[in-house]
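Structure first, commentary second.
The values are calculated or read from the model by the stated rules, or taken from the named source; none is laboratory data. All of these numbers come straight from a predicted model, not from anything done at the bench. Glycine also receives a Cβ, built like all others from the backbone with ideal geometry; neighbour counts cover every protein chain displayed.
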Amino acid sequence: MRLTNLAEGAMMAMDAIRSQKLRSALTILGIIIGVATVMSMASIVQGIRGQIFNTLEVVGPTTFRILRFFSSTPLNPDALPREVRIRPVLRAEEAEAIARLPEIHYSAIWVGVFERLEYEGSRTQPTVVYGADERFMEILGGGITAGRVFTSPEARSGAPVVIIEEEAVANIFGQINPLGRTMRIAGRPFRVVGVYRKPENIFQPPGQEISAIVPFETAKRAFRYDETNSLIILVKPREGVTVARAMDATTVQLRRMRSLRPGDPNTFDMITSDQILDVFNRLTGVFFLVMIVLSSVALMVGGIGVMAIMLVSVTSRTREIGVRKALGATRREILWQFLIEAATLTLVGGAIGIVVGLTAGEVLKRLLGFETGVPVWSAVTATAVSVGIGLAFGLLPASRAARLDPIEALRYE
Amino acid sequence: MAEQPLISLRGLTREYRMDAETVYALRGIELAIGTNEYVAIMGPSGSGKSTLMNVIGCLDTPTRGEYWLNGTEVSRMSDDELARVRNREIGFVFQTFNLLPRATALHNVELPLIYAGTSARERRRAASRALERVGLADRMHHRPNELSGGQRQRVAIARALVNDPSILLADEPTGNLDSVTSQEIMAVFGELHTQGQTVLMVTHEADIAAHAHRVVTLLDGVVHSDSVREAA
Ligand SMILES: Nc1ncnc2c1ncn2[C@@H]1O[C@H](COP(=O)(O)OP(=O)(O)O)[C@@H](O)[C@H]1O
Ligand SMILES: [Mg+2]
């Protein structure tokens, strides 16, 4: 019984849509926009999140970082707050001392700078160049496709050698074999010793792709960098050692080196992969909230449009309602038929919105250069929400239809 | 007629309360209609014919008095119960046909069955049969605007028949048709009556009323005359 009613309601809706194409299209535009916005954003955030997971996976979920000061937004190096200024700058010796701990598998100081790569006529946009050690792939993953990594003597002495990332090679060297050639970073000459390939599907915010790795000592001498935001010690515990134990050992070691007394606060921050994910989640949470508010407005507008078109529809079909009642439709059945009609309208809008949103999301992801699957939960939510909007905003027109007096409705011109 | 009548109206009154005054549309109707009767209701405009049809058709409820249909009292039923009675016991034919303009003849005829909860297959079967009975087997998939007035009224009759109602109610069914088509429609009603259908029809034309076997005349909301004619 409810099922035949459902079919009848859906048929009425398709009929109304067919006979009033433009009006229906305008009505569901708000729904389309609202759903499409949420869908595309969800798909992008999902994409970024997937890649961050991937990145943390490559880095190793146990890897943790030591910073001079942890803040989710970069600090202005020229106006550091006192609490940051009183902390010493991270030093290579500290990273080496941590590396010697039995709990630790890898520890090294890295510096990240933003510089242009140059070779003869061609020049890149400023891209990420790391100063690291020869074991950098323990953290970055990926591999060497040509040449070699730098040797420890090269790393220790600060030799002007560089490993260039594959895409950057293609950008500035084109078809030329880069090995052994001298190119410039930040105006200084470097000899190319190797070509590096990134792991698949790694998170790199647009414009922040890694393009070159040089020894830390070299970077320290060659580049200008900011000692708060750019320096980091990356630590990987030995297998079988918990992150907590490794962090404890590291903390003890650092405090000893910095001669901190018991009771003194730490003069460094230590963060785990989980904390990075937390920060990301908090940022995307805010982002999502804004998107949801914005798309709610669109959905509201869409809902009100649906209510308006349904009111018009009820009025223009007063006689039809009278006929249906004369033939035995109860109030409840009339109510449901109009509710289903409204829900069908918004469902069609939602479906179009999902397709538009996913397409837009795909295009954006293509442009930003990463790919992930379809966020199923958001499609399900969008469908449910659009049906819900139809039911909610269809309620007033539908109950108006249900309450019509059959005799008056039949007489209506 | 020893057995109880199909329809029994006792002191049936219907008043409309407008601001200050009260309009008496029906003022104490006494009427009994038996199964397989063919009754014409006549009377001047405003005498209460339509109001009576609406009450008998369960679209309206009396202010006072009793209405018994098939041995149950309908006059005190709730809205939903009345809807069920309309769906199962009543077949309506209107002067203006009242077909759904965008639905095919078949779908129009299926409507009462949708509210009866009949399965799609059974609906289709019953609707086709009803359309065959009114001679429209070849017009099932036409929409109302592709049909003549007479054909539209046949679709409406088929729709009224499809639930196998106890009584067929028609309020001036030929009011919008020319005389030739009117005779065709009357022939359909005559045929249905011959097959056992109870028919109650409002008309103000004597030659249309002549098809009925009993003529009830209303005047100012009461039964003025009630004459049974022997079939010729
Ligand atoms: N909804 C209504 N409100 C007020 N008066 C009504 C209403 N319906 C009918 N009437 C009055 O009831 C009387 C009978 O009307 P009706 O049954 O339509 O007569 P008929 O069909 O015989 O022409 C008329 O006086 C009419 O004005
Ligand atoms: Mg009338």
* Structure fact -> Going through region A:241-258 in order, the residues found to be free of Cβ contacts under 8 Å to residues at least 12 places away in the same chain and surrounded by fewer than 16 Cβ atoms within 10 Å (Cβ to Cβ) are A:T242, A:A244, A:D248, A:V252, A:R256
* Asked: Yes or no: A:T272 hydroxyl-bearing (S, T, Y), at pLDDT 90 or above and more than 30 Å from B:G91 (Cα to Cα)?
  -> no
* **B:E37 being on the phi < 0 side of the Ramachandran plot, buried (at least 17 other Cβ atoms within 10 Å of the Cβ), away from ligand 2 (no atom under 16 Å from the Cβ) and among the charged types (D, E, K, R)** => yes
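Within region B:61-74, take every residue that is touching a residue at least 60 places away in the same chain (Cβ under 8 Å) and buried (at least 17 other Cβ atoms within 10 Å of the Cβ) and give me the one that is nearest to ligand 2 (Cβ to nearest atom).
Filtering region B:61-74 down to residues touching a residue at least 60 places away in the same chain (Cβ under 8 Å) leaves B:67-71.
Filter again for buried (at least 17 other Cβ atoms within 10 Å of the Cβ), leaving B:67-69.
Values: B:Y67: 19, B:W68: 24, B:L69: 21 Å.
Across region B:61-74, the extreme among qualifying residues is B:Y67.
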* Of the numbered conditions (1) away from ligand 2 (no atom under 16 Å from the Cβ); (2) more than 24 Å from A:S313 (Cα to Cα), B:N108 satisfies every one except a single condition; which is it? -> (2)
* Exactly one of (1) within 13 Å of ligand 1 (Cβ to nearest atom); (2) away from chain A (no Cβ under 14 Å); (3) over 13 Å from the mean Cα position of the chain (by Cα) is unmet by B:G65. Its number? -> (1)
* To do: Could you tell me whether any residue of region B:47-58 is modelled with pLDDT of 95 or more, under 30 Å from B:D138 (Cβ atoms), in contact with a strand residue (DSSP E or B) (Cβ under 8 Å, 6 or more places away or on another chain) and more than 10 Å from chain A (Cβ to nearest Cβ)?
  => no
* Asked: Looking at A:P406, is it in contact with a helix residue (DSSP H, G or I) (Cβ under 7 Å, 6 or more places away or on another chain), at pLDDT 90 or above, in the same structural domain as A:I354 (by TED's automatic domain parsing) and of a type outside the set (K, R)?
  -> yes
* Can you tell me how many residues in region B:134-174 are within 14 Å of chain A (Cβ to nearest Cβ), among the polar types (S, T, N, Q) and within 16 Å of ligand 1 (Cβ to nearest atom)? -> 0
* Using the structure shown, decide if B:L200 is within 14 Å of chain A (Cβ to nearest Cβ), under 30 Å from B:G11 (Cβ atoms) and either away from ligand 1 (no atom under 16 Å from the Cβ) or surrounded by 20 or more Cβ atoms within 10 Å (Cβ to Cβ) (or both). => no
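I'd like to verify a number: residues in region A:112-138 that are of a type in the set (A, V, I, L, M, F, W, C) and buried (at least 20 other Cβ atoms within 10 Å of the Cβ), how many?
Of all residues in region A:112-138, those of a type in the set (A, V, I, L, M, F, W, C) come to A:113-114, A:117, A:128-129, A:132, A:136-137.
Still in the running and buried (at least 20 other Cβ atoms within 10 Å of the Cβ): A:113, A:117, A:129, A:132, A:136.
Qualifying residue count for the region: 5.
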* **Considering residues of region B:100-113 that are buried (at least 24 other Cβ atoms within 10 Å of the Cβ) and within 8 Å of chain A (Cβ to nearest Cβ) only, the residue nearest to B:A40 (Cα to Cα)** => B:P112
* Asked: Is it the case that some residue within region A:222-233 is touching a residue at least 40 places away in the same chain (Cβ under 8 Å) and farther than 30 Å from A:I172 by Cβ?
  -> yes
* Evaluate region B:205-212: report whether one residue or more is surrounded by 18 or more Cβ atoms within 10 Å (Cβ to Cβ), small (G, A, S) and within 16 Å of ligand 1 (Cβ to nearest atom). => yes
* Structure fact -> Result of the Cβ filter at 9 Å on region A:318-346, keeping first residues that are in contact (Cβ under 8 Å) with a residue 60 or more places away in the chain and at the interface with chain B (Cβ under 7 Å from one of its Cβ atoms) and partners that are among the hydroxyl-bearing types (S, T, Y) and buried (at least 24 other Cβ atoms within 10 Å of the Cβ), at least 6 apart or interchain, is A:E333/B:Y115
* Structure fact -> Filtering region B:185-197 down to residues that are surrounded by fewer than 17 Cβ atoms within 10 Å (Cβ to Cβ) and either of a type outside the set (A, V, I, L, M) or within 16 Å of ligand 1 (Cβ to nearest atom) (or both) yields B:G190, B:E191, B:T194, B:Q195, B:G196
* Asked: Of the residues A:V169, A:V235, which single one is within 29 Å of A:I48 (Cα to Cα) and in a helix (DSSP H, G or I)?
  -> A:V169
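Look through region B:76-95, keep the residues that are within 15 Å of B:A158 (Cα to Cα) and β-branched (V, I, T), and return whichever of them is nearest to the other protein chains (Cβ to nearest Cβ).
We begin by selecting, within region B:76-95, every residue within 15 Å of B:A158 (Cα to Cα); these are B:87-95.
When the remaining residues are screened for being β-branched (V, I, T), the result is B:90, B:93.
Numbers: B:I90: 8, B:V93: 10 Å.
Out of the qualifying residues, it is B:I90.
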* **Test: A:M300 is in contact with a Phe, Trp or Tyr (Cβ under 7 Å, 6 or more places away or on another chain) and either over 30 Å from A:A343 (Cα atoms) or not in a loop (DSSP other than H, G, I, E, B) (or both)** => no
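Per-residue answers, yes or no, for (1) among the small types (G, A, S); (2) in the same structural domain as A:L254 (by TED's automatic domain parsing); (3) under 32 Å from the mean Cα position of the chain (by Cα):
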{"position": "A:V113", "(1), (2), (3)": "no, yes, yes"}
{"position": "A:V129", "(1), (2), (3)": "no, yes, yes"}
{"position": "A:G142", "(1), (2), (3)": "yes, yes, yes"}
{"position": "A:T145", "(1), (2), (3)": "no, yes, yes"}
{"position": "A:E154", "(1), (2), (3)": "no, yes, no"}
{"position": "A:Q175", "(1), (2), (3)": "no, yes, no"}
{"position": "A:F190", "(1), (2), (3)": "no, yes, no"}
{"position": "A:G194", "(1), (2), (3)": "yes, yes, yes"}
{"position": "A:K198", "(1), (2), (3)": "no, yes, yes"}
* **Count of region B:23-53 residues which are closer than 16 Å to B:P165 by Cβ and within 11 Å of ligand 1 (Cβ to nearest atom)** => 1
* Structure fact -> Only one of (1) within 16 Å of ligand 1 (Cβ to nearest atom); (2) hydroxyl-bearing (S, T, Y); (3) farther than 21 Å from B:F92 by Cβ does not apply to B:S179, and that is (1)
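Among the listed residues B:R27, B:R14, identify the single one that is in contact (Cβ under 8 Å) with a residue 12 or more places away in the chain, of a type outside the set (S, T, N, Q), within 22 Å of B:S225 (Cβ to Cβ) and within 14 Å of ligand 2 (Cβ to nearest atom). Step through it out loud before you land on a result.
Values: B:R27 fails: within 14 Å of ligand 2 (Cβ to nearest atom).
On inspection, the qualifying residue turns out to be B:R14.
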* Asked: Could you list, in sequence order, the residues of region B:3-20 that are out of contact with any strand residue (DSSP E or B) (no Cβ under 7 Å at 6 or more places or on another chain) and more than 10 Å from ligand 1 (Cβ to nearest atom)?
  -> B:E3, B:Q4, B:D19, B:A20
* To do: Evaluate the following for A:E118: is it assigned to a helix (DSSP H, G or I) and either modelled with pLDDT under 90 or more than 14 Å from every other protein chain (Cβ to nearest Cβ) (or both)?
  => no
* Mind checking which residues of region B:40-60 are more than 16 Å from B:E205 (Cα to Cα) and more than 10 Å from ligand 2 (Cβ to nearest atom)? -> B:V55, B:I56, B:G57, B:C58, B:L59, B:D60
